[in-house]
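*Asks:* Supplied in structure tokens, the structure appears directly below.
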Amino acid sequence: MNLTCKDIGLRLEVENTLLEQLYNTGMKHYPNEFGGLLTGHYSEDMKTCHITGTLLPQKYKSSRYYFERGREGLLEKLEKLYHAEPRSIYVGEWHTHPDGEKGPSDTDKQAMQTISDHEEVTISCPVLLILATSPRGYTPGFYVNFKNKLYEYE
Amino acid sequence: MATDKVKHLDCVLESHKIRKEQALLDKHTAKRGEIKEALEAKYTNTLYAPFNSGSLAKNTAVNTKFDIDLMAPFKRNAFGSSGTLEDMYENVYKFLYDKYHGKEAVVRRQKVSIGLEFYADADGHVVKIDVVPGRELNQGEYLNDKRLNLYVYEQFGRFEKGADHLRSNIHAQVKHIRDRAEAERDSVRKIIRLLKVWKIGKGSGPKSFFLELITIKAFDSKTITGDIWEKLKTVLEYIRDNAKTVSLPDPGNSGNDVADTMTDSEKSWLSSDMDTMLTNIAASDDMIKSYFRINEKHPCPEEKQENRYGVKREGASNPPANRFG
Ligand SMILES: [Zn+2]
């Protein structure tokens, strides 16, 4: 699907098959939260983010109401993607809200800001995907942290 | 360079969004609540629950002119068993006049409503609310049939001053537009909002209800597809071709023709306005800017065009561990 963040004029593209895949992965951990990294690339004019894949954490903690993603092993994989042809890079984060809303919690907003500011993160506008999941299906919410604020794509 | 009409219209709509004037909207809502309470306190046993009936209720509002209506539905015998609609109208007018006029607002008689324009506050915000008194047709029937008679204070269209046959089910009117707008996936609402922007820019024109109904009628009568400009153009053509003859039954009372709120010469003017507009825009895309103006208070930021996903430096990221909620 193609989405636009009207407030700031940035666009997002993601395949439905990837969303299906994330949903299925998330449901393996249901009713606990789960998540991981989003990988992809930006368009030449840097106005569109294409999300093409995910990297799952080796270490994590989770419950119904939180998800703590570890960082072990992820850098190696991201470096491999960076040097691959075509190149993919880290573009953001995703996690589930089992039986919840697709909107971000305050913890989520804080996390995205921390990531934007982090020295070892080379992009400045990470994307956040929240999948509101239930056994019946899922609703995705897409957000981008832009200049210290989280905006939703429509 | 020629104007991109779609982009321009998107910007017109965006710059007129209600949420860009949230503070002013909140003040309107607060005042309307206050007036509602005052009416309920004054007419304890003779008034049903006042309700909102303006464009906000219909999701067709624009932020340069809030039309905030408060319907006040009275019982049949509220002003005596032989009380007239005029008695009702004047009684409410006097109450609002005594309470607000010269103290915090200007209160005036309007076509079927009583207009309250509050003095500008420290932010320069002016709150305007129209109170529309209505009376049920028969004692005790309002809660079932929702029908009300309004008093026509000032002649408009074919309705004479003093006439009391303007009856309607305002609930049905609000619902009609809401349902319709939902089904057409926003297109109807966008066109209605653009027509309001046109009318406000021009300083005069048909009443909003007329524009709403004729837009819906256009969607019923023609195949309306394409981008926002193509849709708008089709509706403008429909109005040009049909303004003089169209019948617009009031969804609240099919016996009322809302087309009657305009005189024949007003309808002719409307048709020729549309004709001129379409001709001028066909001759030059740029003309669209003078008919459908961007609200300069909230211009679509050019900066928006400049926004990019930022990259701080080359190389792979090493995102920190993080907790999400
Ligand atoms: Zn969350």
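The values are calculated or read from the model by the stated rules, or taken from the named source; none is laboratory data. As the structure is a computational prediction, the values presented were derived from the model and not from experiment. All Cβ positions, glycine included, derive from the backbone under ideal geometry; neighbour counts span all protein chains shown. Just the protein is used for accessible areas: all its heavy atoms, side chains included, with ligands, DNA and RNA removed. Shrake-Rupley method; radii C 1.70, N 1.55, O 1.52, S 1.80 Å.
*Asks:* Convert each backbone phi in the stretch B:257-266 into a coupling constant with the Karplus relation 6.51 cos²θ - 1.76 cosθ + 1.60 (shift: θ = phi - 60°), then list the ³J(HN,Hα) values in order as whole Hz, x for Gly and Pro.
*Replies:* 9, 5, 4, 6, 6, 10, 7, 4, 6, 4
*Asks:* Looking at chain B as a GNM with Cα springs under 10 Å, which of B:Ala259, B:Ala72, B:Ala283 has the largest mean-square fluctuation?
*Replies:* It is B:Ala283.
*Asks:* Farthest toward the dipole's positive end in the protein assembly as shown, which of B:Ala122, A:Pro98, B:Ser317, given Cβ charges of +1 (Lys, Arg) and -1 (Asp, Glu) about the Cα centre?
*Replies:* My answer, from the dipole projection, is B:Ala122.
*Asks:* How many Å² of accessible area per residue for the protein assembly as shown, probe 1.4 Å? Let's see the in-between values first.
*Replies:* Working: 22500 Å² over 479 residues.
Using a 1.4 Å probe on heavy atoms only, each residue of the protein assembly as shown averages 47 Å².
*Asks:* Here's something else I'd like to know. Roughly how large, in nm² to one decimal, is the mean projection of the convex hull of the alpha-carbon atoms in the stretch B:5-280? It would help to have the intermediate numbers written out before the result.
*Replies:* Values: hull surface 59.2 nm².
That works out to 14.8 nm², a quarter of the Cα hull's surface.
*Asks:* If you don't mind, there's one more thing I want to ask. Okay, helix-only estimate at 222 nm for chain B: each DSSP H run of n ≥ 4 adds -39500 (n - 2.57), divide by all residues, round to 500 deg cm²/dmol; what do you get? Don't jump to the answer; show the numbers that get you there.
*Replies:* Values: 12 runs with 144 residues, N = 325.
Estimated from H runs of four or more residues: -14000 deg cm²/dmol.
*Asks:* With +1 on the Cβ of every Lys and Arg and -1 on the Cβ of every Asp and Glu, and nothing else charged, how large is the dipole of the stretch B:5-280 about its Cα centre, in debye rounded to the nearest 20? Intermediate results must be reported in sequence, preceding the final value.
*Replies:* Details: 45 positive and 41 negative charges, 81 e Å.
The dipole magnitude comes to about 380 debye.
*Asks:* Sticking with this structure for a sec: DSSP beta bridges in chain B, what fraction antiparallel, as a percent rounded to 5?
*Replies:* Working: 22 of 30 bridges.
Roughly 75 percent of the beta bridges in chain B run antiparallel, per DSSP.
*Asks:* Considering only DSSP beta bridges with both partners in the stretch A:90-154, what is the antiparallel share in %, to the nearest 5? Write out the running numbers ahead of the final one.
*Replies:* Working: 12 of 19 bridges.
The antiparallel proportion sits near 65 percent.
*Asks:* For the interface of chains B and A, what total accessible area is buried with a 1.4 Å probe, rounded to the nearest 100 Å²?
*Replies:* On the way: alone 17010 and 8990 Å², together 22500 Å².
The buried area between B and A, both sides summed, comes to about 3500 Å².
*Asks:* Still on this model: Please sort by residue number the trypsin sites (Lys or Arg not before Pro) in the stretch B:24-81 whose DSSP state is loop and whose Cβ has at most 15 other Cβ atoms within 10 Å.
*Replies:* Values: sites: B:Lys27, B:Lys31, B:Arg32, B:Lys36, B:Lys42, B:Lys58, B:Lys65, B:Lys75, B:Arg76; in loops: B:Lys75, B:Arg76.
Filter output for the stretch B:24-81: empty list.
*Asks:* For B:Glu306 paired with B:Lys161, estimate the spin-label separation in nm (one decimal), with each label point 7 Å from Cα along the Cα-to-Cβ line.
*Replies:* 5.7 nm
*Asks:* A follow-up question, please. Sort out for me the Cα centre separation of the stretch B:202-280 from the stretch A:95-109, rounded to whole Å.
*Replies:* Taking the Cα centre of each part, the stretch B:202-280 and the stretch A:95-109 sit 45 Å apart.
*Asks:* Could you give the longest part of chain A that holds none of the trypsin sites (Lys or Arg not before Pro) found in DSSP loops with at most 13 neighbouring Cβ atoms within 10 Å?
*Replies:* Working: sites that count: A:Lys28, A:Lys59, A:Arg64, A:Arg87, A:Arg136, A:Lys147.
Segment A:88-135 is the longest.
*Asks:* Applying the Karplus parametrisation 6.51 cos²θ - 1.76 cosθ + 1.60 with θ = phi - 60° to the phi angles of the stretch A:91-108, what ³J(HN,Hα) value in whole Hz is obtained for each residue in order, glycine and proline being reported as x?
*Replies:* 10, x, 10, 9, 7, 9, 10, x, 6, x, 8, 7, x, x, 7, 4, 4, 4
*Asks:* Going by a 4.7 Å Cβ-Cβ cut-off, which cysteines of the protein assembly as shown have no partner at all?
*Replies:* Isolated Cys, the protein assembly as shown: A:Cys5, A:Cys49, A:Cys125.
*Asks:* Right, something else. Could you tell me the calculated FRET efficiency between B:Arg109 and B:Glu296, based on Cβ-Cβ distance and R0 = 35 angstrom, to the nearest 0.05? Could the numbers behind the result be given before it?
*Replies:* Working: r = 33 Å, r/R0 = 0.94.
Approximately 0.60, to the nearest 0.05.
*Asks:* Additional query: How much of the accessible area of the protein assembly as shown, probe 1.4 Å, is carbon plus sulfur, in whole percent?
*Replies:* Numbers: 10470 of 22500 Å².
After summing per-atom areas, the C and S share lands at 47 percent.
*Asks:* Give the average, rounded to an integer, of partner chain Cβ atoms located within 10 angstrom of each Cβ in A:120-131.
*Replies:* Numbers: counts 6, 6, 10, 7, 5, 5, 3, 1, 1, 0, 1, 0.
Across the residues of A:120-131, the mean count of other-chain Cβ atoms within 10 Å is 4.
*Asks:* If you don't mind, there's one more thing I want to ask. Where does helix B:187-202 land angle-wise versus the long Cα axis of chain B, in degrees 0 to 90, nearest 10?
*Replies:* Tilt relative to chain B: about 80 degrees.
*Asks:* Within straight cross-link reach of A:Lys59, meaning Cα distance under 18 Å, which aspartates and glutamates are found once same-chain residues fewer than 8 apart are removed?
*Replies:* Hits, sequence-local ones excluded: A:Glu33, A:Glu68, A:Glu72, A:Glu76, A:Glu93.
*Asks:* Name the residue farthest towards the positive end of the dipole of the protein assembly as shown from the options B:Phe209, B:Ile170, B:Ala283, assuming +1 on Cβ of Lys and Arg, -1 on Cβ of Asp and Glu, about the Cα centre.
*Replies:* B:Ile170
*Asks:* Right, something else. Against the longest principal axis of chain B, how steep is helix B:228-242, in degrees 0 to 90 to the nearest 10, with axes from Cα atoms?
*Replies:* 40 degrees
*Asks:* Across the residues of A:39-51, average count of Cβ atoms on other protein chains within 10 Å? Numbers along the way, then the final one.
*Replies:* Numbers: counts 1, 0, 0, 4, 2, 0, 2, 5, 5, 1, 1, 0, 0.
Per-residue shielding by partner chains comes out at 2.
*Asks:* Also: Need one word for chain A: rounded, prolate or oblate. Basis is the Cα gyration tensor (sqrt eigenvalues a ≥ b ≥ c); a/c below 1.5 gives rounded, then a/b vs b/c decides.
*Replies:* On the way: a/c = 1.38, a/b = 1.20, b/c = 1.16.
Since a/c stays below 1.5, the shape of chain A is classed as rounded.
*Asks:* Determine the alpha carbon to alpha carbon distance for each of A:Lys6/B:Lys17; B:Lys20/B:Lys233; B:Lys42/B:Lys75 and list only those over 23 Å.
*Replies:* Working: A:Lys6/B:Lys17 13 Å; B:Lys20/B:Lys233 27 Å; B:Lys42/B:Lys75 14 Å.
In this structure, B:Lys20/B:Lys233 exceed 23 Å between Cα atoms.
*Asks:* Can you give the Rg and Dmax of the stretch B:237-291 based on its C-alpha atoms, in angstrom?
*Replies:* Spelled out, the Cα radius of gyration and Dmax of the stretch B:237-291 are 14.0, 43 Å.
*Asks:* Separation of the stretch A:9-25 and the stretch B:38-53 by C-alpha centroid, Å?
*Replies:* Cα centroid of the stretch A:9-25 versus Cα centroid of the stretch B:38-53: 51 Å apart.
*Asks:* As a test, work out the antiparallel percent of DSSP beta bridges whose residues both lie in the protein assembly as shown, rounded to the nearest 5. List each step's numbers first, then the result.
*Replies:* Details: 57 of 76 bridges.
Restricted to the protein assembly as shown, the bridges split so that about 75 percent are antiparallel.
*Asks:* Quick check: the angle from helix B:5-15's long axis to the longest principal axis of chain B, C-alpha only, nearest 10 degrees?
*Replies:* 60 degrees
*Asks:* Now a separate question. Would you compute the Debye intensity of the protein assembly as shown from its alpha-carbon atoms alone, equal scatterers and no solvent, and pass along log10 I(q)/I(0) at q = 0.07 Å⁻¹ to two decimals?
*Replies:* For the protein assembly as shown at q = 0.07 Å⁻¹, log10 I(q)/I(0) is -0.52.
*Asks:* Can you give the average number of partner chain beta-carbon atoms within 10 Å of each beta-carbon in peptide B:37-48, as a whole number? Intermediate results must be reported in sequence, preceding the final value.
*Replies:* Values: counts 0, 0, 0, 0, 0, 0, 0, 0, 0, 0, 0, 0.
Across B:37-48, the average partner-chain Cβ count within 10 Å equals 0.
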